[in-house]
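See below for the structure under consideration.
The values are calculated or read from the model by the stated rules, or taken from the named source; none is laboratory data. Here the structure is a predicted model, which is why all the values come from computation and not from measurement. Cβ coordinates were reconstructed from backbone atoms using ideal geometry, including for glycine residues, and neighbour counts include every protein chain displayed.
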Amino acid sequence: MYSEKVMDHFAHPRNVGEIENANAVGLVGNAKCGDIMKIYMDIQDNIIKDVKFKTFGCGAAIATSSMATEMVKGKTVEEALELTNKAVMEALDGLPAEKIHCSVLAEEAIRDAIEDYRKRQNA
Amino acid sequence: MSKSVYMDNNATTYLKKEVLDAMMPYYTDIYGNASSKFYAVGREAEQALYKLREKAAKLLGAANVNEIYFTGSGCEADNWAIKGVANAYKRKGNHIITSKIEHHAILGACEYLEKHGFEVTYLDVDEYGRVSPEAVEAAIKDNTVLISIMTANNEIGTIEPIKEIAEVAKKHKIVFHTDAVQAIGHMPINVRDLGVDMLSVSAHKFHGPKGVGLLYIKNGVRIDNLIHGGGQERGKRAATENLAGIAGLVKALEIAVENLDKNVEIMRDKRDKLIKGIQEKIPYCRLNGPVGDDRLCNNVNFSFQYVEGESILMMLDMNGVAASSGSACASGSLDPSHVLLAIGLPHEIAHGSLRLSVGEDTTDNDVDYIIEVLPPIIQRLRDMSPLYEDFLKGENK
Ligand SMILES: Cc1ncc(COP(=O)(O)O)c(C=O)c1O
Ligand SMILES: [Zn+2]
């Protein structure tokens, strides 16, 4: 059902955890639909120096969280905003059709975190 | 992966060797069509079919051999019972009573009928999944023609008060059907003791083959065909009989009935050890369904707070354990199991459910293995969960 890449990221998720003094935090999803993702970023000079996540959800949700954090690490804020759910799925060698909705979470969480970052910058 | 433990016997069971042996002759030697009476191999098939039907009737306690109708699955038996009776009694009334925790075969058939002018009452259940006979009686109206309540629930193992509900139905002269698919091989089933009018069975839940079931229909109950065509099954269900499958069903039934007491004792023991071990080792968990004798002897169902069911299944699979979950993601739908919602679980608790269903071959070793691998899996997923993080932060405040 899942590709080897998905299984690898599920079994060995990258960047799991919290960042204590994160200057960007995103939280999306809800318990009702069954997937929640929280993302922490440390953004310095417009670059995502570090990123960590916590996800409550299925295999697809955990694997996309892991892959998406890998893909934005070291990128500029603008580059991170360009990351699409499609690109994450492609990087994972695809997902079953009924799992696509679970994978949207990562893209949304990244946007949410960056929005939080910009709000803090303007405060 | 060395160790492999199958803990999904509520989903299906392996085919027993003795059952396969009982089936083989009908593929190779007695391959005739039971309707072809003008030559020997056809007559042999016809006679074999009669004997098998007679045996099934006896094993289920049916008064008459003609009350057993073989079908192509448990789902077909359920669909036939609901649609066939609803249509046959249409002139008398259009109201059906069932419960919120039935198998999708029953619920799907009822929803279909609702689109075609029938009215269906889906009864609530209590926190353990129990349907109350009083609620059934209270739901009866002048136009009620059918009541269908399952004997035992496939997700949380609730055994329903079928005898009492059958009495209510009899008192009001309403046809009563029960889906006993999960019950066979796990508790005594005798259609006359239970007092039911119709009862569904599926062979693959008790070490028989997949794709064969039966519907017990008490003489006197009127039922329309679901499958039209030839004159098989007394003209009630067309299709050349799956004689090998039927032989498998009957052999598996025979073995299940003969070994019932012994098997139930084994399964109860493994079930209770699993429940106890999990409760001792894993905090913040909830046993779904009843305890003790009101619970199917082979079913265990837990919710683990702050984690999602499909992830649990995937990690169990990496450890060689086959199990199932009522989470939305595990089923590919947007909602968690209707059964878990019906017993009042909030969505996030329903998403974290795990069903482990034992068999008579489950060993203490298997149980110990689950109790060894499951706690670190749950902990690992909790350490990854933002809900658990929130919970811990709340605790430390
Ligand atoms: C309670 C119940 N009813 C009906 C069925 C359907 O049986 P089958 O798989 O033979 O169609 C099942 C099995 O999934 C079941 O558990
Ligand atoms: Zn999901």
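In the set B:114, B:127, B:134, which member is over 12 Å from residue B:177 (Cβ atoms), surrounded by fewer than 16 Cβ atoms within 10 Å (Cβ to Cβ), in contact with a Gly (Cβ under 6 Å, 6 or more places away or on another chain) and in the same structural domain as residue B:226 (by TED's automatic domain parsing)?
Just a single option satisfies the conditions, and that option is B:127.
List the number of the failed condition for residue A:91; all other conditions in (1) within 16 Å of ligand 2 (Cβ to nearest atom); (2) more than 9 Å from every other protein chain (Cβ to nearest Cβ); (3) touching a residue at least 60 places away in the same chain (Cβ under 8 Å) hold.
Only one criterion in (1) within 16 Å of ligand 2 (Cβ to nearest atom); (2) more than 9 Å from every other protein chain (Cβ to nearest Cβ); (3) touching a residue at least 60 places away in the same chain (Cβ under 8 Å) is unmet by residue A:91, namely (1).
Of all residues in region B:341-397 being among the aromatic types (Phe, Trp, Tyr) and more than 9 Å from chain A (Cβ to nearest Cβ), which is farthest from residue B:11 (Cα to Cα)?
Here the residue is B:391.
With respect to residue A:68, determine if the residue is among the small types (Gly, Ala, Ser), within 29 Å of residue B:313 (Cβ to Cβ), surrounded by fewer than 19 Cβ atoms within 10 Å (Cβ to Cβ) and away from chain B (no Cβ under 14 Å).
no
Cβ contacts < 8 Å: first residue touching a residue at least 60 places away in the same chain (Cβ under 8 Å) and at the interface with chain A (Cβ under 8 Å from one of its Cβ atoms), restricted to region B:305-330; second residue among the hydroxyl-bearing types (Ser, Thr, Tyr) and assigned to a loop (DSSP other than H, G, I, E, B), any location; separation 6+ or different chain. Result?
Between residues of region B:305-330 that are touching a residue at least 60 places away in the same chain (Cβ under 8 Å) and at the interface with chain A (Cβ under 8 Å from one of its Cβ atoms) and residues that are among the hydroxyl-bearing types (Ser, Thr, Tyr) and assigned to a loop (DSSP other than H, G, I, E, B), the close pairs are B:306/B:284; B:306/B:385; B:307/B:385; B:308/B:327.
Confirm whether residue B:346 is free of Cβ contacts under 8 Å to residues at least 12 places away in the same chain, more than 15 Å from ligand 2 (Cβ to nearest atom) and under 22 Å from residue B:100 (Cα atoms).
Yes: the conditions hold for residue B:346.
Filtering region B:310-329 down to residues that are touching a Leu at 6+ places or on another chain (Cβ under 6 Å), of a type outside the set (S, T, N, Q) and within 16 Å of ligand 2 (Cβ to nearest atom), which residue is nearest to residue B:150 (Cα to Cα)?
Out of the qualifying residues, it is B:326.
Quick check, is residue A:32 part of a strand (DSSP E or B), of a type in the set (Lys, Arg), at the interface with chain B (Cβ under 10 Å from one of its Cβ atoms) and under 30 Å from residue B:340 (Cα atoms)?
Criteria not met by residue A:32.
Please work out which one of (1) polar (S, T, N, Q); (2) touching a residue at least 60 places away in the same chain (Cβ under 8 Å); (3) within 11 Å of ligand 1 (Cβ to nearest atom) is the condition residue B:178 fails and give its number.
Status for residue B:178: all satisfied but (2).
Restricting to region B:349-366, name every residue that is aliphatic (A, V, I, L, M) and free of Cβ contacts under 8 Å to residues at least 60 places away in the same chain.
B:350, B:354
If a residue must be under 21 Å from the mean Cα position of the chain (by Cα) and surrounded by 18 or more Cβ atoms within 10 Å (Cβ to Cβ), how many such residues does region B:276-291 contain?
3
Could you grab the pairs with beta carbons closer than 7 Å, sequence gap of 6+ or different chains, first residue in region A:101-123 and free of Cβ contacts under 8 Å to residues at least 60 places away in the same chain, second one polar (S, T, N, Q) and not in a helix (DSSP H, G or I)?
A:107/A:84
Examine region B:326-346 for a residue that is polar (S, T, N, Q), in contact with a strand residue (DSSP E or B) (Cβ under 6 Å, 6 or more places away or on another chain) and either surrounded by 18 or more Cβ atoms within 10 Å (Cβ to Cβ) or modelled with pLDDT of 95 or more (or both), and state whether such a residue exists.
The answer is no; no qualifying residue exists.
Quick test of your reading of the structure: residue B:214 fulfils all but one of (1) in contact with a Leu (Cβ under 7 Å, 6 or more places away or on another chain); (2) free of Cβ contacts under 8 Å to residues at least 40 places away in the same chain; (3) assigned to a strand (DSSP E or B). Name the failing condition by number.
Among (1) in contact with a Leu (Cβ under 7 Å, 6 or more places away or on another chain); (2) free of Cβ contacts under 8 Å to residues at least 40 places away in the same chain; (3) assigned to a strand (DSSP E or B), residue B:214 violates only (2).
So which of A:24, A:63, A:80 ends up being within 14 Å of chain B (Cβ to nearest Cβ), surrounded by 19 or more Cβ atoms within 10 Å (Cβ to Cβ) and modelled with pLDDT of 95 or more?
Just one listed residue meets the conditions, A:63.
Would region B:362-385 turn up any residue that is at pLDDT below 95 and either in a helix (DSSP H, G or I) or touching a Phe, Trp or Tyr at 6+ places or on another chain (Cβ under 6 Å) (or both)?
No, because not a single residue in region B:362-385 is at pLDDT below 95 and either in a helix (DSSP H, G or I) or touching a Phe, Trp or Tyr at 6+ places or on another chain (Cβ under 6 Å) (or both).
Considering only region B:368-386, state which residues are crowded, with 20+ Cβ neighbours inside 10 Å and either in contact (Cβ under 8 Å) with a residue 40 or more places away in the chain or not assigned by TED's automatic domain parsing to the domain that holds residue B:356 (or both).
B:370, B:374, B:377, B:378, B:381, B:382, B:385
In this structure, does residue A:50 turn out to be free of Cβ contacts under 8 Å to residues at least 24 places away in the same chain and more than 10 Å from every other protein chain (Cβ to nearest Cβ)?
Spelling it out, it is not the case that residue A:50 is free of Cβ contacts under 8 Å to residues at least 24 places away in the same chain and more than 10 Å from every other protein chain (Cβ to nearest Cβ).
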